[in-house]
Amino acid sequence: MNSPLTIKSPLAKSAKSAKNSRPIFDFHGGIHPPENKVQSNSTPIQTLALPPLLILPLNMHIGAPAKPIVNIGDRVLKGQKLADANGVVSVPVHAPTSGTITAIGPRAVQHPSGLDAPCIVLQPDGEDRWTERHPIHNWRECSPSTLITRIREAGVAGMGGAGFPSAVKVNLKQGTQIQQLVLNAVECEPYITADDLLMRERADDIVRGIHILQHLIKPHETLIGIEDNKPLAIAAMRAAIENAEKNNGGSIEVVVVPTKYPSGGEKQLIQLLTGKEVPSSGIPAQVGVVCQNIGTALAMYRAIAFGEPLISRITTITGDAVKQPGNVEVLIGTPVSHLLNHAGVSDDKLGRLIMGGPMMGFTLHALDIPVVKTSNCVIAASKEELPEPATEQPCIRCGSCAEVCPADLLPQQLYWYSKTSDLERAQQYNLMDCIECGACAYVCPSNIPLVQYYRFAKGEVRHQVAEQNKADKARERFEARQARIDKELAEKEARRQARLEASRQKALGQVDAKADASNNIDIKAIKAASLAASSAYKAAVKALKTAQAEEADASEVAALSAQVDQLKAAADQAKAAVRDAASAPTSSSGGASDTAAATQSDIHMKALKSAALEASSAYKTAVKAMKTAEENGDGNVAELRAHADTLKSTADAAKAAVRDANTGTAMPAPTSTIDPVETLKKAVLDASSAYKAAVKSVKEAELSDADNLAELRSEADVLKRKADQLKVDLRDAKAAAPNVVKESTTTEAATATQEHAPNTADPIAERAAKMKALKTAYNSANKIWKEANAALERGIREGAENIDERRAKVDLLKARAEGTRAELNELVDQAKAGIRASGSDLKSLKLEAARAESALGSKIKELEEAKKSADEERINVLYQERDMLKREAELAANALKSAVDEQGLSDV
Amino acid sequence: MALITVSSPHTTRKGNHTGAFMRQVLYATLPGIAVLTWLFGYGTLINLSFAVIVALLTEALVLKIRGRDIRFYLSDYSAVITAVLLAIAIPPTSPWWLTLVGVTFAIVIAKQLYGGLGMNPFNPAMVGYVLLLISFPAEMTRWVAPNEAHSFSTSLQLFFGHIGDVDALTGATPLDTWRTWAGNAEQLASHPILHGNVAGMGWEWVNLAFLLGGLYLIARGIITWHIPAGVLAGVLAMALPFWLIDDIRYGDPLFHLFSGATMLGAFFIATDPVSAATSRNGRLIFGFLIGVLVWVIRTFGGYPDAMAFAVLLLNLSAPTIDYYTQPRTYGHKAAKRGARK
């Protein structure tokens, strides 16, 4: 074995004399700790016997732990995937040898706090049988994405120490231009010689790996940074490159950097070689640089050219507590104890066990902790070599730490703020840019474990950020909920306002004086409602966008968009209401006296229009139903048709009313072309002829004593009632529009038509018409009954045969008359209540009262005449009729009076 | 097997601790102390020994009261440094009680009451010095004329206060003389004390000795060059233009640089890391402003020398200076200036 010095001296000269062709950009600070590399760099890489057990942590890399895809008891082959990558920033775990899975669960691992982590435990079977491998020989023809997938599937993660998934690092964003590919072979930490030996022994394979990297990211230049304390490695790499470049167009350059810790830090090496600085909290690709460890390049080459996943690595085993320090190729998952036994550890000397280098490594608390993908070194140090740290003394702000900080921080200030947990100030002093290299703690005269303080503070900051994110999310959720509630409230409010508005408008129609004021208030309220609705809509849109941006699940987005649509509709409605309301006062702003009238007519118009629309839509539905029925051959077609006809007439009437009203408001003198009176007349004629036919058939039936006499008679009654109603209608129409009938065009007539037309659409008017019809029906029924009764008495006197039968008929007739009467009374009461409630127009009330008076008067006259003729029965009947009429007249008078009183109006 | 589990790094620079730093500072004061003794007699050494004993005793007492590990904290030599710097600063003719008051105040009030080493906002030695200068101005300005060094017995008698007529044994310092006769060319020319080889007679050697010690500290990496360079540049920046304007009224730059406590202050007092600014640029500004203040107070103030006042005033400003002189961190476009809120 050569002594390290004899190897080093001649080559060191040659390495240093071989000047770099490019300038080296120094970085701030840095230290020169004792190198302690000679212990381990003088022997070739050795292979290790199969360990009795392999412990494979699921998280040997930065990112999410891998997901196990094997079960306890499974037999696995060498290179078989045991756990799959879980997410983008994650890599799979493979079996380093063939064997049986004996456990999946927490085991002691390399962890700063000595915590356990989930592992797969593999018991080797000693056969070391490979699974099927798929080498890619023609990788130069492969697309980068294929190779990147292979690298990812092979579980390659940064082997320099951080363990960042390599596939992620070389998978550049579209359009990223890389100037420099930097290969990190600096190995600046004391003790470690793994990369040194790897370069000496496997330089050709490393260069092939670099070629793959060049193929993947296409850099302008490729630089390998090696510290000048590795002359053999520098020579080996240069030779390999020269050898390879003969038949390769790419250019790889070895750049020798002066020995200084931490030149091997990614950011520091990039600065040394390129003079570029990686932006704070950014990545090297942002400045056109990709940096990879040479061990990683080799692992990529093995993964692609041999189809071998990352299942072993070179690890330095060194320290005063081992007899044969050196480098070994060790299977991932090998317990450190196996490694120590191989190197001949003396237990009584072992004081501190470090995985990684002495500057940034972690102390191990147990011997069965496994070697992982990032384990470049195991230091078994004696207590003399790395003694217990000295007691921490007060910081005297000497500034030595600031002098050596490679990130140009003020570690003394960071220490102060970290210690007092003043995280805001610590971040102000760029705490998060600390790379934890330990240079500050190395030079600290007060023995302050500075890095520990920074790690603590950084952890606290990350925790705070996580908490902040959580709080932000919660706040967003709360705000979305609040917006939803507000929107609902706004909708409710808008509806309420609309209702209020409607009732106000109604009131406005009757109350002249306060029209303008209330209108203004209404508009304000409506505007407010509209604003609320539109703001709710906007909030909802925002919430929707946020949800979309955050890629919330589809149902949530859909619900939100539906909500948005609803809100939009509501907002539009509210806007329309505002517009309507705004236009209303404009029309009524002319003068004080005609404001109310105009508003009232507006309201009427609106009501009429909506009634007309409703009626026509009802008609259309009915027609449709009828057609369907016809097609189906249903029996009730006739019925439906009748229904449709009725509806059509209603719709027509409504339309006509609208038209009338329109013309009425638009022009002072209407020219009503359609004459409702004529129609009515015709209808009356039809109805009365039908009635007469019916009466005739009844009489015939009476004569023939037919069974369906009662039926026929009732039919006749119905017809009669209809006819009577039509007659009444005709009379009303005539009374209402006498001038129209006469085809005269006076203003009074127009007013009358205008007044009357809306009334037809009024349910109260309908009721009045029905009341009249009932009255007539009652009168006729009463008359029939009396006649029948008289006939019956005559029959009794003359000793007719079928007295009983006739008496029953008479009773029936009487009951019918009484039923009609009861119905009529009910209607009268209703009308009274209705009048009281709605304050129906006074004119009709007056008319009603006048008609009742005149009817009463004529009845009294008739009674007087009947008294003279001294027909007792007739007199009785007349008395009854007179009483009824009297009551009716009283009711009408009372209704008129109460309406006048209630509405507080002077006599119109 | 008990494995040590600690945070990285696992190795530190050998022989690198606060005590070692402080010892280096003490070694660096030796040339200056030697020159002072050679020029002014044993008074300096007697006072220095007494001051160190007082400092260690009072420090131990306060540490005991505070419940701290006395041996551990005394071994950082910070109390010794305070005592030595104060003893160098006060005249060699000082009686024992003057030293006692100064050192006790420096250790107990200016240092320990603030929390001990690393926590004091002001340089303790200078706090003690200023207390004495304000309270006992007569005793504090009785310097010995150079080359009239007292014998050991005279020094002891002075130390114990057994000599009534102290004035006979003392003389004005070059700074004092200049202050008295500034603007008077005849008088200035007639005082030999103002005309040494480099600057004021005698004091030039004192300052050169401290410059030597200071350069040693820089060479050993105990202090950085920033504060001394700042102080000297500050003095120079003020003295040179004014001297060029009027060399009768204003002392020449060399006179200012090599008189009084300029070099002691620049290399040993202003560089006290605890109370000084800590960033590189901050230290330059800190030092420069001290230099400016020293010249201003010497020229226009009521005291012949001004190092103590200048240092204390800048101690007051150090946190603010640090706040605005953060270096540009790696990966950042610009240095942070103040807190962004």
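Here are some notes:
- Spin-label pair B:Val198/A:Glu818, simplified geometry with 7 Å Cα→Cβ offset, distance in nm: 14.4
- The stretch between A:Asp883 and A:Ser21 holds 297.1 nm of extra length on full extension. This uses 0.36 nm per residue minus the Cα-Cα distance.
- With the highest mean first, a sort of the peptides B:11-17, B:222-228, B:52-58 on other beta-carbon atoms found within 10 angstrom per residue produces B:222-228, B:52-58, B:11-17.
- Restraint check, A:Lys492/A:Lys538; A:Lys720/A:Lys859; A:Lys722/A:Lys868; A:Lys720/A:Lys772; A:Lys770/A:Lys846, Cα-Cα greater than 25 Å: A:Lys722/A:Lys868
- Extension gain (nm, one decimal) between B:Ser317 and B:Leu30, 0.36 nm per residue minus Cα-Cα: 100.3 nm
- For chain B, dividing the convex hull volume of the Cα atoms by the residue count gives 178 Å³ per residue.
- Two-site FRET efficiency, A:Glu890 against A:Lys861, from Cβ-Cβ distance with R₀ of 22 Å, rounded to 0.05: 0.75
- Across the stretch B:86-98, coupling constants 3J(HN,Hα) worked out from phi with the 6.51/-1.76/1.60 Karplus curve, θ = phi - 60°, read 5, 5, 5, 6, 7, x, x, 8, 5, x, 4, 5, 5 Hz, and Gly and Pro carry x.
- Accessible area that becomes buried as A packs against B, both chains, 1.4 Å probe, Å², nearest 100: 4900
- About its Cα centre, the stretch A:361-419 has a charge dipole of approximately 200 debye under the convention of +1 per Lys or Arg Cβ and -1 per Asp or Glu Cβ, with nothing else charged.
- Rolling a 1.4 Å probe over the protein heavy atoms gives the stretch B:17-171 an accessible area of 40 Å² per residue.
- Rounded Å value of the spacing that divides the Cα centres of the stretch B:170-199 and the stretch B:98-150: 26
- Dipole magnitude of the stretch B:64-191, debye to nearest 20 (Cβ charges: Lys/Arg +1, Asp/Glu -1, about Cα centre): 700
- Net length available on complete extension from A:Ser689 to A:Lys624 is 20.2 nm, with 0.36 nm assigned per residue and the Cα-Cα distance removed.
- Look at the dipole of chain B built from charges on Cβ: of B:Trp178, B:Phe50, B:Gly200, the Cα furthest out on the positive end belongs to B:Phe50.
- If you take all other residues with their beta carbon under 10 Å from the beta carbon of A:Ala154, and give Lys and Arg +1 and Asp and Glu -1, the sum is +2.
- For the stretch B:17-171, the calculated P(r) over all alpha carbon pairs, in 5 Å bins from 0 to the bin holding the longest distance, is 2, 10, 19, 21, 19, 13, 8, 5, 2, 0 percent.
- From most to least packed by mean Cβ count within 10 Å, the peptides A:783-793, A:186-196 give A:186-196, A:783-793.
- Annotation: amide H of A:Tyr191 within the under-5 Å range of A:Asn36, A:Lys37, sequence separation 5 or more or interchain, hydrogens built in the peptide plane.
- Rounded to the nearest 20 debye, the dipole magnitude of chain B is 1960 debye, with +1 charges on Lys and Arg beta carbons, -1 on Asp and Glu beta carbons, and the Cα centre as origin.
- Farthest toward the positive end of the dipole of the stretch B:173-324, out of B:Val296, B:Leu284, B:Gln187, is the Cα of B:Leu284, where the dipole comes from beta carbon charges about the Cα centre.
- Cα-Cα over 20 Å, subset of A:Lys682/A:Lys727; A:Lys169/A:Lys260; A:Lys470/A:Lys568: A:Lys169/A:Lys260; A:Lys470/A:Lys568
- With the convex hull of its Cα atoms as the shape, the stretch B:173-324 has an orientation-averaged projected area of 8.4 nm².
- Per residue of B:324-336, other chain Cβ atoms within 10 Å of the residue Cβ number 6 on average.
- Couplings 3J(HN,Hα) of the stretch A:281-298, computed from phi: 6, x, 10, x, 4, 5, 10, x, 10, 10, 10, 9, 6, 5, x, 5, 4, 5 Hz, in residue order, whole Hz [Karplus 6.51 cos²θ - 1.76 cosθ + 1.60, θ = phi - 60°; x for Gly and Pro].
- Cβ-Cβ FRET estimate between B:Ile245 and A:His463, R0 fixed at 56 Å, reported to 0.05: 0.35
- Mean per-residue shielding of peptide A:74-85 is 0, counting Cβ atoms of other chains within 10 Å of each Cβ.
- Residues in the stretch B:181-193 carry Karplus couplings, in order, of 10, 4, x, 10, 5, 4, 4, 4, 6, 7, 9, x, 4 Hz; the curve used is 6.51 cos²θ - 1.76 cosθ + 1.60 with θ = phi - 60°, and Gly or Pro positions show x.
- Under a 5 Å amide H cut-off, with hydrogens placed 1.01 Å from N, A:Cys291 pairs with A:Val182 among residues at least 5 apart or on other chains.
- Peptides ranked, highest mean first, by Cβ atoms within 10 Å: ranges A:97-110, A:144-157: A:144-157, A:97-110
- Taking amide H as placed 1.01 Å from N in the peptide plane, A:Gln80 has its amide H under 5 Å from the amide H of A:Ala95, A:Thr131, each at least 5 places away in sequence or on another chain.
- The label point for B:Arg328 and the one for B:Leu156, both projected 7 Å from the Cα toward the Cβ, are 6.4 nm apart.
- Once both labels are positioned 7 Å from their Cα atoms along Cα-to-Cβ, the gap between A:Thr176 and A:Arg481 label points is 4.0 nm.
- Signed unit charges on C-beta, dipole axis of chain B, positive-most listed residue B:Ile163, B:Phe255, B:Gly41: B:Phe255
- FRET E, pair A:Ala850, A:Asp829, Förster distance 22 Å, beta-carbon r, rounded to 0.05: 0.60
The values are calculated or read from the model by the stated rules, or taken from the named source; none is laboratory data. Since we're looking at a predicted model, the values are computed, not measured. In this analysis, Cβ positions are derived from the backbone assuming ideal geometry, glycine residues included, and neighbour counts consider all displayed protein chains. Just so you know, the surface numbers come from the protein's heavy atoms only, side chains and all, with ligands and any DNA or RNA stripped out. Shrake-Rupley method; radii C 1.70, N 1.55, O 1.52, S 1.80 Å.
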